[in-house]
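Report on the following structure.
The values are calculated or read from the model by the stated rules, or taken from the named source; none is laboratory data. Predicted, not measured: the structure shown is a model, and the values here were computed from it. A quick note on method: Cβ atoms are made from the backbone with ideal geometry, for glycine too, and the neighbour counts reach across all protein chains shown.
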Amino acid sequence: MEKPHDFAFPVDNDDERELLLNWLGYLRGAVVRNLHGVSEQDAHRRPDGKLLPLAGIANHLIGVERRWIDGGMLGGSIYRGEEEFFPGSETTVRALVAAYRERGAKTDEVVRSHPLDTPNTRQAGVTLRWVLLHLINETARHAGHADAVRELIDGATGE
C-alpha cells in the first residue's frame, strides 16, 4: 500500500465550512495513517479481544459518514449493523483506505454544496453544521481509538 497522504495540521480559516472540513480531513488522515504498514491479519485483529480492529474502525467511520450525510442530510438509508465493526478478512486494508477516501470526498462534496444551516431530514433542530461537528467528534474519538489499537499491535504511535 502506498504511503498515506499526510494532511497538514489545520490552521485558522475565515471560511467556517473549509475550517471544519480541514479538521475532518486531518482526522481522517490520522485513521488512515494507523492502517499504513499493518498486515491484513493485524488490521482485523482485536488486541486483547476487547477493542475494535483497525479495519472495523475505518469501516465504521465510513458508515457514520454515510448515515449522517446520505441518510440524515439527503434522506437515504440510516441502517447500521454490527457487522460494520468487524468486516471480514476479504475486506483488505487497501480497499478500506480507498473506500474511506471515496466516502470522505463524497461527504466533502455534499458539505460544500449545501449551506451549513441546512436542516437534517430526520431530526428537528439538527443542521449540516451540527452534523459536520458530530463527524469531527466521532472521527477524533475513533482516531484516538485507532492510535491505541495500533500501539497495542506493534508499538507504533500516532500523532
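Only one entry in SER89, SER77 is touching a helix residue (DSSP H, G or I) at 6+ places or on another chain (Cβ under 8 Å), within 21 Å of LEU54 (Cα to Cα), surrounded by fewer than 16 Cβ atoms within 10 Å (Cβ to Cβ) and modelled with pLDDT under 95, namely SER89. Check whether at least one residue in the stretch 95-110 is touching a strand residue (DSSP E or B) at 6+ places or on another chain (Cβ under 9 Å) and over 18 Å from THR139 (Cα atoms), and report yes or no. Checked the stretch 95-110: no residue is touching a strand residue (DSSP E or B) at 6+ places or on another chain (Cβ under 9 Å) and over 18 Å from THR139 (Cα atoms). In this structure, VAL93 does satisfy being of a type in the set (A, V, I, L, M) and closer than 30 Å to LEU152 by Cα. Is one or more of the residues making up the stretch 75-83 touching a residue at least 12 places away in the same chain (Cβ under 8 Å), assigned to a helix (DSSP H, G or I) and either within 16 Å of the chain's Cα centre (by Cα) or more than 17 Å from LEU128 (Cα to Cα) (or both)? Looking through the stretch 75-83, none of the residues is touching a residue at least 12 places away in the same chain (Cβ under 8 Å), assigned to a helix (DSSP H, G or I) and either within 16 Å of the chain's Cα centre (by Cα) or more than 17 Å from LEU128 (Cα to Cα) (or both).
Can you pull out the residues in the stretch 92-119 that are in a loop (DSSP other than H, G, I, E, B) and either touching a Ser or Thr at 6+ places or on another chain (Cβ under 8 Å) or exposed (fewer than 12 other Cβ atoms within 10 Å of the Cβ) (or both)? If the condition is that a residue be in a loop (DSSP other than H, G, I, E, B) and either touching a Ser or Thr at 6+ places or on another chain (Cβ under 8 Å) or exposed (fewer than 12 other Cβ atoms within 10 Å of the Cβ) (or both), then SER113, PRO115, LEU116, ASP117, THR118 are the ones that fit.
Given the residues ARG80, ARG103, ARG66, ARG94, which is the only one that is of a type in the set (Lys, Arg) and either farther than 22 Å from LEU35 by Cα or touching a Leu at 6+ places or on another chain (Cβ under 6 Å) (or both)? Step by step, each of ARG80, ARG103, ARG66, ARG94 is checked, and only ARG80 is of a type in the set (Lys, Arg) and either farther than 22 Å from LEU35 by Cα or touching a Leu at 6+ places or on another chain (Cβ under 6 Å) (or both). Working only within the stretch 120-143, note down all residues that are exposed (fewer than 15 other Cβ atoms within 10 Å of the Cβ) and free of Cβ contacts under 8 Å to residues at least 40 places away in the same chain. Across the stretch 120-143, the qualifying residues are ALA124, GLY125, ASN137, ARG141.
Any residue at all in the stretch 42-51 that's within 16 Å of ARG150 (Cβ to Cβ), touching a helix residue (DSSP H, G or I) at 6+ places or on another chain (Cβ under 6 Å), among the aliphatic types (A, V, I, L, M) and at pLDDT below 95?
Initially, the stretch 42-51 is screened for residues within 16 Å of ARG150 (Cβ to Cβ), giving 42-48, 50-51.
When the remaining residues are screened for being touching a helix residue (DSSP H, G or I) at 6+ places or on another chain (Cβ under 6 Å), the result is 42-44, 47, 51.
Those still in the list that are among the aliphatic types (A, V, I, L, M) too: 43, 51.
Within this subset, residues satisfying the condition of being at pLDDT below 95 are 51.
Within the stretch 42-51 (the criterion being within 16 Å of ARG150 (Cβ to Cβ), touching a helix residue (DSSP H, G or I) at 6+ places or on another chain (Cβ under 6 Å), among the aliphatic types (A, V, I, L, M) and at pLDDT below 95), the answer is yes, since at least one residue qualifies.
Any chance the stretch 11-26 includes a residue that's of a type in the set (Ser, Thr, Tyr) and either farther than 18 Å from ARG141 by Cβ or touching a Ser or Thr at 6+ places or on another chain (Cβ under 8 Å) (or both)? No: zero hits.
Only one entry of LEU21, LEU61, LEU51 meets the criterion of being surrounded by fewer than 20 Cβ atoms within 10 Å (Cβ to Cβ), in contact with a Leu (Cβ under 9 Å, 6 or more places away or on another chain) and touching a residue at least 40 places away in the same chain (Cβ under 8 Å), and that entry is LEU51.
In a residue-by-residue description of the stretch 126-134, the property of being more than 15 Å from ARG28 (Cβ to Cβ), of a type outside the set (A, V, I, L, M) and in a loop (DSSP other than H, G, I, E, B) applies to no position.
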